[in-house]
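Reviewing the structure listed below.
The values are calculated or read from the model by the stated rules, or taken from the named source; none is laboratory data. These numbers were taken from a predicted model, which means no experiment stands behind them. Cβ placement follows ideal geometry from the backbone for every residue including glycine, while neighbour counts extend to all protein chains displayed. For accessibility, only protein heavy atoms count, side chains too; no ligands or nucleic acids. Shrake-Rupley method; radii C 1.70, N 1.55, O 1.52, S 1.80 Å.
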Amino acid sequence: RGSMATTERLGPSRTRRNSNKNILTRIRHGQISGGGLSRGTEMSEALLQERDHQAKWHGIPVMLQRLYDSSHLNSDLSQIHSIIKEVASFLSMEAMSFVTEERRTAQESTSPNTYTFDLFGGVDVSLQHVGTKAYRADGLVSDHICYMEGVTKSLASRDDFVMFLFTLMSNKKTFLQTATLIEDILGVRKEMIQLEGIPNLPSLVQSFNQQQLANFCRILSVTITEPDLGNDDKHTLLAKNAQQKTNLCPSHSEVNQVALLNIPGFIERLCKLATRKVSEASGASSLLLELQDWYTLLDNALVLDTLMQMATEDAEQSSTESPDESSLVTSPLRHSLPQSMKIVHEIMYKVEVLYVLCVLLIGRQRNQVHRMLAEFKLIPGLNNLFDKLIWRKQTSTHVLHGQNQNCDCSPEISFKIHFLRLLQSFSDHHENKYLLLNAQELNELSAISLKANIPEVEALVNTDRNLICDGKKGLLTRLLSVMKKEPAESSFRFWQARAVESFLRGSTSYADQVFLLKRGLLEHILFCIIDSGCKSRDVLQSYFDLLGELMKFNIDSFKRFNKYVNTEEKFQTFMTQINSSLVDSNMLVRCIILSLDRFESQTDDVRVVEVLSECSLLSYMVRVENRLTILFRLVNIINVQTLTQENVSCLNTSLVVLMLARRQSKLSLYLNALREKEYTEKYPGCLLNNFHNLLCFWQRHYLNKDKDSTCLENSSCILFTYWKETVSVLLDSDRTSLCAIASYIDEAYMDLGRDFLEV
């Protein structure tokens, strides 16, 4: 080190300020290049002390030097402890701001002490100590973890250390700090960790109490969710299909989901956490205004747990009772906290748990997860919490955020949205959706089918009544009640409508529709679209989709529609909303067209004839010129490069229009009308070539062996073979065929834009 100090001495012409800068530059260069200085501990203590005051290092390099010198088995742990405490005092405030503000990576300008710690090898020195048994036994790990939060970027690249951190979670005293550090590290890692690589993962998870398991879910959410690519182009169907071709193996997140499901009792414990009750004291709601000031500070469940842990440790000094979460629920400690604090604490847990359950529910193991959630009675448990916790009355109002905004300023808002997303995922195209009802409501569905002289849906008959909701109302009915009371611009309306729509999706059930019609759902939707003044496109889209599922093939719905939309002014307002954005409303348009086609084949029914003659909506859609206008707009607003999961429905709706035209031997009429429209608009070939390209993509997308086409068949009641046949007829290369798109494009304009399909 003496020779090293000699090489670091600078000539008299250099200022101290420049020499300080030179030291930092040479260390950083060494770390990048691997040659020369790579950490400050390679310099002499005398040199570090000489430069310390001028550089405002606060003695951190010298302390790291001493820690480095004591990194052997016979070191004095008490001396190490005092050094760590002193270093931590400089870093703790920066670490806290890192957690509570924006979780920025350490930079010299914003976290000078942390920057100095990292630059002078603090991470390496810490890791040398933190793994020793004596060190861990003496409780020094906790102090080290406290100040490691500011150097997560350096730690994130060390896979072995990340895995080692998980083993520290078995220590109750270091759990919260370790969990916070792991969460920070996973947030800056470029690659997702593999849960299978965590030593003894099943036994580790089983050792957690319920409080720890809930916080562990916050970490798990990062490991089971596909990373957001942050680029809109990456979300196009074209890009996703290309990615699927290159990524034939399951993704890291999918592998991690399987690893969790293989942990004995994991899903059962999550269900218990999600449905655990909180006893509410009288007058608790009066503290909600005060709580709003807490949200900014306590937006992290781990921060709140730290406060809980402090209170627990105080209580332990005077009590021998176990501080486990199960005892805290009823202990004097819990009652000593403000009731609203206890509620928010429980809500924060449930947000993390519901998110993990929701991700698992939409993953590849969906059916396995569904069986487990039903078995462990998640839905009845949530139903029992609905009024007192999930949608309890509040004395204060929240500024609600759009569903696409990443805002967690209020745990209660996050809780409600995650709850609604879970219901949506649970009901969507799955027979377990009837678990959202109670016994009386299931009997009502059976009675509706009996009265209409139609067979009961098989899924309804097979529903295990031991797993359904209890009480006076089922979960779906409770949701409808609060949905009607929601303010016009509330972002909850979007998620509420999505959750109810998912109950109707799949094969159309007349009984399900009538069940909801009897509860005034159709009138509520029409009020929101026509009379409420709602301007949110997202909310309107969700209501259009729900209205479509509610009205499809249902003559009673169209009668109710005509009764509510009883003036020309109301009808024009409704059509203006539809035409203002066909991307949002095309699913409703599709349902109307399909229903009209069905009704036209049932003219022996007096009720159908009456509705066909009186309903303004059906009268509008029966006119071919109106259908052609819709078809032209649908084809014109999308192309292969801009197709996403959101707007591909426009392509399928346009296909429905043409399939029904083909049934009526009018396909050539529609195609010729599109050709005339092209020439009227003075861009011959563009529209039909675009449609031709879209259909070529449709074939590659929906005829993929891994693609589930049953959704198209179930939602339209048109066999998928007819979908395929119609597309093949339209793409026929025979220019003499009157049903082929090619015969309506002049040869000079053929193949416009075809190059885009080669992507």
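Between VAL188 and SER78, what FRET efficiency comes out of the Förster formula 1/(1 + (r/R0)^6) with R0 = 35 Å and r the beta carbon distance, rounded to 0.05? Working from the Cβ atoms, E equals 0.55.
How would you order 167-174, 605-612 from highest to lowest mean count of nearby Cβ atoms within 10 Å?
So the peptides 167-174, 605-612, ranked by packing, come out 167-174, 605-612.
Loop-located trypsin sites (Lys or Arg not before Pro) in the range 436-498 (DSSP state not H, G, I, E or B) with no more than 12 neighbouring Cβ atoms inside 10 Å: ARG465, LYS472. Can you tally the net charge around ILE555? Count Lys and Arg as +1, Asp and Glu as -1, for every other residue whose Cβ sits under 14 Å from the Cβ of ILE555. Charge balance near ILE555 sits at -1.
If you take the Cα centroid of the range 473-488 and the Cα centroid of the range 233-264, the two points sit 35 Å apart. Rounded to the nearest 0.05, the FRET efficiency derived from the C-beta distance between SER157 and ARG371 at R0 = 41 Å is 0.55. Extending 7 Å from Cα along the Cβ direction at THR736 and again at GLU268 yields two label points whose distance is 7.2 nm. Carbon-plus-sulfur accessible fraction, the range 446-506 (probe radius 1.4 Å, protein heavy atoms only): 52%. Counting protein heavy atoms only, the range 658-740 has 51 percent of its accessible area on carbon and sulfur, 1.4 angstrom probe. Accessible surface computed residue by residue for the range 184-256, with neighbouring protein chains in place and a 1.4 Å probe, gives 53 Å² per residue. Approximating the spin labels as points 7 Å out from Cα along Cα→Cβ, the GLN440-to-GLU50 distance works out to 8.8 nm. Each label was represented as a point 7 Å from its Cα along the Cα-to-Cβ direction; for THR225 and GLN572 these points are 4.7 nm apart.
Protein heavy-atom accessible surface, 1.4 Å probe, per residue over the range 617-729: 42 Å². For the residue pairs LYS433/LYS518; LYS342/LYS484; LYS666/LYS724, the C-alpha atoms sit more than 21 angstrom apart in LYS342/LYS484.
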